[in-house]
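The next block holds one structure in the form of C-alpha cells; read it before the comments.
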Amino acid sequence: MKYFEDIKAGDVAELAARHVSEADIIAFAVKFDPQVFHTDPEAAKQTAFGGLAASGWHTNALMISMLVERFKTESLAAIGSPGVETCRWLVPVRPGDTLTGRQEVLETWPSKSKPMGFVRSRTDLANQHGEVVMTMVGLGMIARRPEAAA
Amino acid sequence: MNDPVPPRAATGEPVYFEDFEVGQTRAFGAYAVTEAEVVAFGRQFDPQAFHIDPDAAADTVFGGLIASGWHTCGMMMRMVCDDGLPRTAVLASPGFDNLKWLRPVRPGDVLSVRSVVAEKIESKSKPDQGIIKIANTVLNQAGEAVMTITNIAFYRRRPATTVSG
C-alpha cells in the first residue's frame, strides 16, 4: 500500500492511454452535455469546433479513469479530492483520438485534523499528436501510513 | 430574478455577450441522483469503492455510496444545458477554476444550480467575442452547497446587422 508519506513533490506518473470514439463522445454528451458540437457530427461542422468534439467533462471523466487505474496499480490509499484549482481545455478532443496522461506532484502537506495528507498536483492529457488537450491543477487526499498516524 | 437565458421570446435571437450583466442570478434544475446512475458512472470512469460498491462504501470515510465529483460536474452541466445554454450564443469553454466538492452527493439527492454572472471580459484579439465567468453553486434538496465552480465560456457578441425593428 502506498501512503501519503510515500509521495513527494516532483514525483511523476505516466497514465495509461484512453481511446475516444465518436460513439463514446455522443453517448457522454447526450447524457451530460447535450450541445450540438458534442452530439451531432453534421451540425458540429457549422460550429466554432468545425466538427464533433468531446465535452470537456468527458475529458475530465477519462482523466479520472486514468488516475484511478494508476491508484490501483500503485495501491495508493486515495480517499477523494476536495477540488480543483484550475482546468483548461486547450485543444478539442476528437473522435479517434488516443489520450495519454502525466501527473506531477507539486507539493504535499499533512492534514492537521485527520490521519491523511493533501497532494497538489498537475495533470496533463495529450493526444496522439503530442498536443496537450487538457491541463489541470488539483488536490487529492491520501491516507497516512497507519503507524505514523498514531 | 432569472436572467438572461433562455432567449427572449419576442425576437427569438440568442442570448449574446451583451445580454449578460455581472451579478445576474439564476436558480434552476432538479436532477434526481439515483444509485444506478452513480454506480454506472463510477464503474465507467471512477471505479473507487465509495462510488461503485454500497457495502464497501459503508466502511469508507464517506459512510456510504457517493457520486464521483466528476459525475456531479456532469449533472451540473446537464442542468445548465436544460436551462437553455444551447440556445445562447455560446461558442466554447476554455475550462474552469475553483472547483470545490464540499459535501458528498448521495443516491436520493435532488440537485439544483444557483448561478451568478461573476465577470465579463471583452476579447482583445477577437472583437466578435467575449468571455463570461459564471460562479455556479450546486445545491442538494436540503439547500446545502455540495459543489462550487467558476465556469468560463466564450460568447459571441451581438452582430450589428441583427439589430432591427
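The values are calculated or read from the model by the stated rules, or taken from the named source; none is laboratory data. Because the structure is predicted, anything quoted here is derived from the model rather than measured. No Cβ is skipped: glycine too gets one built from the backbone with ideal geometry, and neighbour counts run over all protein chains shown.
Under 8 Å by Cβ, and 6 or more places apart or on different chains, what pairs join a residue from region B:74-93 that is facing chain A (nearest Cβ under 7 Å) with one that is acidic (Asp, Glu)?
B:Gly74/A:Asp33; B:Met77/A:Asp33; B:Arg78/A:Asp33; B:Cys81/A:Asp33
Would you confirm whether any residue within region A:97-116 is without any contact (Cβ under 8 Å) to a residue 40 or more places away in the chain, within 13 Å of another protein chain (Cβ to nearest Cβ) and in contact with a Lys or Arg (Cβ under 7 Å, 6 or more places away or on another chain)? Spell out how you get there, then give the answer.
Filtering region A:97-116 down to residues without any contact (Cβ under 8 Å) to a residue 40 or more places away in the chain leaves A:109, A:111-115.
Restricting the remaining residues to those that are within 13 Å of another protein chain (Cβ to nearest Cβ) gives A:111, A:113-115.
Now drop any that are not in contact with a Lys or Arg (Cβ under 7 Å, 6 or more places away or on another chain), which leaves A:115.
Checking region A:97-116: at least one residue is without any contact (Cβ under 8 Å) to a residue 40 or more places away in the chain, within 13 Å of another protein chain (Cβ to nearest Cβ) and in contact with a Lys or Arg (Cβ under 7 Å, 6 or more places away or on another chain).
Is it the case that region B:98-117 has a residue that's surrounded by fewer than 17 Cβ atoms within 10 Å (Cβ to Cβ), under 20 Å from the mean Cα position of the chain (by Cα) and at the interface with chain A (Cβ under 8 Å from one of its Cβ atoms)?
yes
Could you tell me whether region B:31-52 includes any residue that is in contact with a Pro (Cβ under 6 Å, 6 or more places away or on another chain), within 11 Å of chain A (Cβ to nearest Cβ), surrounded by 17 or more Cβ atoms within 10 Å (Cβ to Cβ) and of a type outside the set (Gly, Ala, Ser)?
Checked against the condition, which is being in contact with a Pro (Cβ under 6 Å, 6 or more places away or on another chain), within 11 Å of chain A (Cβ to nearest Cβ), surrounded by 17 or more Cβ atoms within 10 Å (Cβ to Cβ) and of a type outside the set (Gly, Ala, Ser), region B:31-52 yields no hits at all.
Test A:Glu42 against the criterion of being assigned to a helix (DSSP H, G or I) and more than 14 Å from chain B (Cβ to nearest Cβ), and give yes or no.
Yes, satisfied.
Taking A:Ala54, is it surrounded by 22 or more Cβ atoms within 10 Å (Cβ to Cβ), touching a helix residue (DSSP H, G or I) at 6+ places or on another chain (Cβ under 6 Å) and of a type outside the set (Asp, Glu)?
Taking the combined requirement at face value, the residue satisfies it.
Note down all Cβ pairs under 6 Å where the first residue falls in region A:83-96 and is facing chain B (nearest Cβ under 7 Å), the second is basic (Lys, Arg) and crowded, with 17+ Cβ neighbours inside 10 Å, and they're at least six residues apart or on different chains.
Close Cβ pairs satisfying both conditions: A:Gly83/B:Lys100.
Show the residue pairs meeting these rules: Cβ distance below 9 Å; 6+ apart or different chains; first residue within region A:1-25 and more than 15 Å from A:Asp124 (Cβ to Cβ) and in contact (Cβ under 8 Å) with a residue 60 or more places away in the chain; second residue among the polar types (S, T, N, Q) and part of a helix (DSSP H, G or I).
That search, which allows pairs on different chains as well, returns A:Val20/A:Thr59; A:Ile25/A:Thr39.
Quickly run through region B:77-104 and pick out the residues that are modelled with pLDDT of 95 or more, of a type in the set (A, V, I, L, M) and assigned to a helix (DSSP H, G or I).
B:Met77, B:Met79, B:Val80
Output the number of residues of region A:49-64 satisfying the condition of being at the interface with chain B (Cβ under 8 Å from one of its Cβ atoms) and either under 25 Å from B:Tyr155 (Cβ atoms) or without any contact (Cβ under 8 Å) to a residue 40 or more places away in the chain (or both).
7
Answer yes if at least one residue in region A:65-73 is touching a residue at least 24 places away in the same chain (Cβ under 8 Å) and more than 11 Å from chain B (Cβ to nearest Cβ), and no otherwise.
The answer is yes, given that some residue of region A:65-73 is touching a residue at least 24 places away in the same chain (Cβ under 8 Å) and more than 11 Å from chain B (Cβ to nearest Cβ).
Would you point out which residue out of A:Ala17, A:Ala13 is in contact with a Gly (Cβ under 9 Å, 6 or more places away or on another chain), part of a strand (DSSP E or B), away from chain B (no Cβ under 14 Å) and more than 28 Å from A:Pro146 (Cβ to Cβ)? Talk me through it step by step, then tell me what you get.
Details: A:Ala13 fails: more than 28 Å from A:Pro146 (Cβ to Cβ).
Result: A:Ala17 is the single residue among A:Ala17, A:Ala13 that is in contact with a Gly (Cβ under 9 Å, 6 or more places away or on another chain), part of a strand (DSSP E or B), away from chain B (no Cβ under 14 Å) and more than 28 Å from A:Pro146 (Cβ to Cβ).
Are there any strands (runs of 3 or more DSSP E) wholly within region A:58-150 with 1 or more residues that are polar (S, T, N, Q) and over 10 Å from the mean Cα position of the chain (by Cα), and if so which?
On the way: elements: A:83-89, A:98-110, A:116-126, A:132-143.
Hits in region A:58-150: A:83-89, A:98-110, A:116-126.
Could you list all residues from region B:118-148 that are under 15 Å from the mean Cα position of the chain (by Cα) and of a type in the set (A, V, I, L, M)?
Those that are under 15 Å from the mean Cα position of the chain (by Cα) and of a type in the set (A, V, I, L, M): B:Ala118, B:Ile132, B:Ile134, B:Ala135, B:Val138, B:Leu139, B:Ala145, B:Val146, B:Met147.
Restricting to region A:38-95, name every residue that is over 15 Å from B:Gly42 (Cβ atoms) and of a type in the set (Ser, Thr, Tyr).
Once the filter is applied, which keeps residues that are over 15 Å from B:Gly42 (Cβ atoms) and of a type in the set (Ser, Thr, Tyr), region A:38-95 yields A:Thr39, A:Thr47, A:Ser55, A:Thr59, A:Thr73, A:Ser75, A:Thr86.
So, of the residues in region B:109-154 that are basic (Lys, Arg) and not in a strand (DSSP E or B), which turns out to be farthest from A:Thr47 (Cα to Cα)?
Of everything passing the filter in region B:109-154, B:Lys124 is farthest from A:Thr47 (Cα to Cα).
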